[in-house]
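A.B. asks: Right, I'll just put the structure down here and ask away after.
We did not get these values from a lab; they are worked out from the coordinates using the rules stated. Small disclaimer: the values here were computed from a predicted structure and weren't measured. A quick note on method: Cβ atoms are made from the backbone with ideal geometry, for glycine too, and the neighbour counts reach across all protein chains shown.
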Amino acid sequence: MPSLNGKARQRLPTLFEVLNRRTQAPVDLWSFYVFMREQYRGVDYLDFWLDVVQHLSLCRHYVRGLRQSILANSERENSSSRTSSVLLDTLIQEGGLNDTDSHRLSAFLRGEDTGQNNAETLYRLSALLDAMNAREHDIANMHKPTSRNDNFISRVNANTARSEREGFGGEEAVYDEKDRTPIAAGPSSGFTGAEVRDSVDDRSFYSAQATQSNSNNNNNNNSNNNNNNVPGAPRNPVSFNAEAIERLFPRRQGDIEDGSSYVTRQDIRQSSHRILVTYFITGAEREIVLPPRIMKSVRHAIEVEGRDDPEVFDEAREYVFQAMEREAFPAFLASKALGNITPLGSLIRMIVGLLSLFAAFWVGFILIFLDWSPKSTRLWLILPFAFGSYGIFSSLYNLDPLMAIMGYSEALSNSIVRIKEPYVRQLLVKRSCYVLGVITLAAAIFVIIFALVPGKRL
């Protein structure tokens, strides 16, 4: 497989490259899985590693679905599209909906604040959440008893009359989010009609929240002055987590881009629980052997803390990776990169080779003790000697030279695969030439010995 610079890899692959599907047969992930199952008897560790990677992929699809749901809702609802866009931009800039960084993704799934190191970002998220909650509350009030409906309609009429008296799009003032100073809205502002009204409402909301925050800061103790002096920082920020996004932006099946099903938070919880009961519960059918500290930590995180983020399994996954890299992977390379036959194939070749060699010795001694003439008949012994030497040395070197030169390798006892990894094929061809030389030399020595021995009829 070509490397990043466009050249073929001139070395054996690493375990990381194999697990991430960056190699080709016979040192690809499928061959490594078969080796762990058939020869090393440690496929449970590889299955655990693959399940954890699948769990991480599931979490990434979940976060990606949340991002798509915000975009889809903003397109469906023009009245809240600006708020949704601001929310999406803020979350992406702060890494809240980043599905490539596993650490930020895990922090988001744990419910940690996305902008915990940025007071202005945290203020904006909290303000947007409060505004959207207030809008939901007003909509819900419309479906309450008549007395409350009358109050709600009265408020709406009063706000409409006030807006008509003040006049939007004329000399109405809006507020800059940085210094909270009024800025005259002119014809070049780019906002007209409903868009100007939304902008004024949002900025007025930010200004009111900032005024209330500054008033509360003046009443706090001196020990909290450092935190309260941050411009725009809310007194009680709202944690904006995945559950809040799911509640405020309900997802629809047609919103996803590729038409597949959405990944829900329940799917993630079931995935983490399945990994727990499969590999970490004492007495489980596929229980893996890990240090007790790691086993206890994973069980506590899922069962007690209720976590389902990918970082729950990070320590266990790293331990399993190092164990496979230290023990199983060198044996895999010796079997597949330096040889091309399975243990069963090696055993069969050894048995056939010994039988052929025994037959060659048997016929050779018969020709000698019968003083068979002409003596040139003994030269035919090269066939059983060559066949026997081929089988024995193929078994000893774990390499079938003719099959390797043709570009094939045994995958299972009854199947073969084509060698596609360039460096592995070069390596196997070189070793095959050496093994063929050894086989030819051994067969020639046996034939010469039996051809030169004088015959004596008994």
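A.B. asks: Whole percent per 10 Å bin, from 0 to the bin with the longest distance: what is P(r) over all C-alpha pairs of the range 295-361?
C.D. replies: P(r) for the range 295-361, in whole percents per bin: 17, 23, 19, 16, 13, 8, 4, 0.
A.B. asks: Multiply the residue separation of Arg274 and Leu427 by 0.36 nm, subtract the distance between their alpha-carbon atoms, and state the gained length in nm to one decimal.
C.D. replies: Additional length available on full extension: 50.9 nm.
A.B. asks: Can you give me the long-range amide H partners of Ile416? Hydrogens built in the peptide plane at 1.01 Å from N, cutoff under 5 Å, separation of 5 or more residues or another chain.
C.D. replies: Ala411
A.B. asks: Next question, about the same structure. So how long is each side of the range 381-441 along the principal axes, counting just the alpha-carbon atoms, biggest first, in Å?
C.D. replies: Result, largest extent first: 38, 25, 17 Å.
A.B. asks: Tell me, what is the FRET efficiency for Glu285 and Leu383 to the nearest 0.05, using R0 = 51 angstrom and their Cβ-Cβ distance as r?
C.D. replies: So, using R0 = 51 Å, E works out to roughly 0.45.
A.B. asks: Let me ask something additional. Between the range 20-35 and the range 410-458, what is the separation of their alpha carbon centroids in Å?
C.D. replies: Between the Cα centres of the range 20-35 and the range 410-458 lies a distance of 27 Å.
A.B. asks: Turning to a different aspect of this structure: Would you mind computing, in nm to one decimal, how far apart the modelled labels at Ser373 and Asp267 are, each placed 7 Å from Cα along Cα→Cβ?
C.D. replies: Distance between label points: 8.8 nm.
A.B. asks: What distance in nm lies between label points placed 7 Å from Cα along the C-beta direction at Glu315 and Leu347?
C.D. replies: Each label point lies 7 Å from its Cα, and together they span 4.2 nm.
A.B. asks: I would also like to ask the following. Return the distance in nm (one decimal) between the two label points of a simple spin-label model at Glu303 and Tyr33, each offset 7 Å from Cα along Cα→Cβ.
C.D. replies: For the pair Glu303/Tyr33, the computed spacing is 3.0 nm.
A.B. asks: Gain in length, Ile449 to Arg110, computed as 0.36 nm per residue apart minus the alpha-carbon separation, to one decimal in nm?
C.D. replies: 114.2 nm
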